[in-house]
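Notes for the one structure printed next.
Where a number appears in this text, it was derived from the coordinates with a stated rule and is not lab data. The structure presented is a predicted model; accordingly, all values stated were derived computationally and were not measured.
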Amino acid sequence: MSPILKLDAVSRVHGEGATEVHALRAVSFAAHPGELVAVMGPSGSGKSTLLTLAGGLDAPTSGTVSVEGADLATLGAKGRARMRRTSIGYVFQDFNLIPALSAAENVALPLELDGASGRTARKAARAALDEVGIGDLWQRFPDEMSGGQQQRIAIARAIVGERRLILADEPTGALDTETGEEILALLRARCDAGAAGVMVTHEARHAAWADRVVFLRDGVVVDESGTDPVETLLASGHPR
Ligand code: ADP
Ligand code: MG
């Protein structure tokens, strides 16, 4: 099965000379349909860099990033923007919702930007909100909803319209433990339905929802677990 996301020897250097920072060093990595991969590592190890490169929000200094078989570098700015609207869902830690738009309008926005009719976009948005369990709150504005409900809107926006690559940077960071688990269950369900997911987390119990854990340190993959993330966490001496 071909991967949905593939990184080949991807490096990202910020600045130059004395202030040069190697955020990622020759990282190779793939995420396949049905797979949820957790990315762990200390602060500054390159986790967010990995995700922004995977999402086409930033470009590597060297190496290639491919999504659904297409090299993001050769797509050009327009092609990458289109890829982000149609294939890639990005969940941010702080939700990044638009306060002036209702839940349904927030979710419909990427589809409308992609040229879908208002009616089609609204229908897909309602379906995505149903999928994340807040279908009845579609008319509410973000500030009328709890943190967990707001993150559900963000997840609905990331999965709307059959996106197959879901990228989540500490998606549970702003949530209490129980709500965090519910959010992870949603990501897990979407991957079970055929998407590939990559999630940054610093909590081992959250990584236990993943099929694999990739550990980064100083921009390098230092360990990649096989089938049991928790086993690997213990073996690596990582605190649970
Ligand atoms: P993490 O998400 O694991 O905390 P990041 O990917 O955000 O780490 O950052 C990795 C390294 O790259 C850090 O040393 C960080 O300071 C540096 N870095 C990230 N973005 C920039 C930038 N835009 N300019 C300069 N350095 C950056
Ligand atoms: Mg980060």
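Table for the structure above
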{"item": "Debye log10 I(q)/I(0) at q = 0.08 Å⁻¹ for the chain, Cα point scatterers", "result": "-0.29"}
{"item": "J(HN,Hα) series, the stretch 207-213, from Karplus relation 6.51 cos²θ - 1.76 cosθ + 1.60, nearest Hz, glycine and proline x", "result": "4, 5, 6, 8, 7, 8, 10"}
{"item": "Coordinate range along principal axes, alpha carbons of the stretch 97-161, Å, largest first", "result": "30, 23, 17"}
{"item": "Helical contribution to [θ] at 222 nm, DSSP H n ≥ 4, -39,500 (n - 2.57), averaged over the chain, rounded to 500", "result": "-11000 deg cm²/dmol"}
{"item": "Phi-based couplings in Hz for the stretch 196-205 (Karplus 6.51, -1.76, 1.60; Gly and Pro marked x)", "result": "9, x, 10, 10, 7, 8, 10, 10, 4, 5"}
{"item": "Rounded to whole Hz, the Karplus (6.51, -1.76, 1.60) HN-Hα couplings of the stretch 55-66, x for glycine and proline", "result": "x, x, 7, 8, 10, x, 6, 8, x, 10, 10, 10"}
{"item": "Under-5 Å amide H pairs with LEU24, H placed in peptide plane, nonlocal only", "result": "ARG12"}
{"item": "For the stretch 97-161: relative contact order, % (alpha-carbon pairs under 8 angstrom, 6 or more apart)", "result": "47 percent"}
{"item": "Where the Cα pairs of the stretch 63-200 fall when distances are cut into 5 Å bins, in %", "result": "2, 11, 21, 23, 21, 13, 7, 3, 0"}
